[in-house]
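Below is one structure, written out as structure tokens, with a few remarks after it.
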Amino acid sequence: MPVDAFLFDKDGTLFDFAATWNSWAAGVLKSLARGDVALAGVMADTLRFDLERECFHPDSFVIAGTNGEVAAALAPHVPHMSEAELERFLAEGAANAALAEAVPLADFLDGLLARGKVLGVMTNDAEVSALSQLERAGVLDRFTFVAGFDSGHGAKPDAAPLLAFCKACGVAPERTAMVGDSLHDLQAGAAAGMRRLGVLTGMASHQDLAPHADAVLPDIGHIPEWLDRAGQPAAQ
């Protein structure tokens with residue numbers, strides 16, 4: 001069946017996860033610890049983050065989690081901030097993170113738009129972070145729909161935010177592809193009745209994603225080739 005619309009995850013999909021978030025996370029932990037090296041280590045262990053190597057372990061819940069989940073996990077170690085303040089601190093900080101595009105986004109997205117595809121973003125990050133990052137990357141205007149975990153539609157792996165995209169854009173779930181780097185993305189896509197494309201610009205391996213995806217691609221830049229192989233026409 002033709003694919004008329006693509007709903008993208010953000011971190012690990014539009015932006016390379018490690019290149020964007022590893023050094024940022026190290027800085028956040030050191031800031032929250034206020035110079036207490038032992039405390040920074042405890043918080044890093046909580047998040048499954050290697051402070052010495054400045055990288056997330058592949059099994060870290062942060063990779064596909066929400067700011068709310070991260071704030072709840074860190075809150076016991078940050079008594080000078082409430083959980084709500086901590087969540088806001090994370091969202092505001094993420095909005096200003098240095099971005100590493102998985103591919104040159106403007107050209108890639110323009111290519112899909114030229115094929116008549118409808119484009120959206122659904123991330124488990126905060127909406128304010130998503131809007132800020134897409135604006136800074138110069139591609140916000142390419143998307144008809146942008147939602148975070150706090151946009152009122154729920155969070156992945158639930159199907160609800162994916163179906164909200166379809167409703168908002170007038171596209172059928174079965175003619176939509178969910179594109180993401182994590183099992184949360186692919187499980188949400190399956191629950192919504194969508195096609196599912198995994199990409200390897202996050203922390204999950206091909207072996208992790210393949211059982212849950214229609215295809216696993218090195219990065220989103222391979223989507224046009226995937227469309228061509230499948231003989232996918234432009235949306236009508």
* To do: Please label the shape of the range 1-95 as rounded, prolate or oblate, based on the square roots a ≥ b ≥ c of the eigenvalues of the alpha-carbon gyration tensor (a/c under 1.5 means rounded; beyond that, a/b larger than b/c means prolate, else oblate).
  => prolate
* Structure fact -> In degrees, nearest 10, the alpha-carbon axis of helix 17-33 is tilted away from the dominant principal axis of the alpha carbons of the chain by 20
* Structure fact -> In terms of the alpha carbon gyration tensor, root eigenvalues a ≥ b ≥ c, rounded if a/c is under 1.5 and otherwise prolate when a/b exceeds b/c or oblate, the range 122-236 is rounded
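Considering only the chain, what is the antiparallel percent among its DSSP beta bridges, to the nearest 5?
Expressed as a percentage, antiparallel bridges in the chain total about 15.
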* Could you state how much accessible area S182 has, in square angstrom rounded to the nearest 10, with a 1.4 Å probe and all protein chains kept in place? => 10
* Structure fact -> Accessible-area order for R48, R175, R88, largest to smallest, probe 1.4 angstrom, reads R88, R48, R175
* For D181, D16, what's the largest-to-smallest order of accessible area, 1.4 Å probe? -> D16, D181
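How large is the Rg to Rh ratio of the range 80-127 when both quantities use alpha carbon positions and Rh follows Kirkwood?
Values: Rg = 15.8 Å, Rh = 13.5 Å.
When Rh is taken as the Kirkwood radius, the ratio is 1.17.
Express the carbon and sulfur contribution to the solvent-accessible surface of the chain as a percent, rounded to the nearest whole number, probe 1.4 angstrom. Spell out each step's value before the answer.
Working: 5120 of 9820 Å².
Carbon and sulfur atoms account for 52 percent of the accessible area of the chain.
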* In the chain, how many lysine pairs have Cα atoms under 22 Å apart, counting only pairs 8 or more places apart or on different chains? -> 5
* **Sum of -39500 (n - 2.57) over DSSP H runs of 4+, divided by residues of the chain (222 nm, nearest 500)** => -12500 deg cm²/dmol
* Asked: Amide H neighbours of F15 under 5 Å, counting only residues 5+ apart in sequence or on other chains, H built in-plane at 1.01 Å?
  -> A102
* Give the whole-number value, in cubic angstrom per residue, of the convex hull volume spanned by the C-alpha atoms of the range 124-166. => 60
* For helix 105-114, what angle does its Cα long axis make with the longest principal axis of the chain, in degrees from 0 to 90 and rounded to 10? -> 30
* Asked: Is the shape of the range 96-183 best called rounded, prolate or oblate, per the rule: a/c under 1.5 gives rounded, else a/b larger than b/c gives prolate, else oblate, with a ≥ b ≥ c the square roots of the Cα gyration tensor eigenvalues?
  -> oblate
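The values are calculated or read from the model by the stated rules, or taken from the named source; none is laboratory data. Just so it is clear, the structure is predicted and the values come from calculations on it, not from any experiment. Quick note on the areas: whole protein, heavy atoms, side chains included, nothing else; ligands and nucleic acids left out. Shrake-Rupley method; radii C 1.70, N 1.55, O 1.52, S 1.80 Å.
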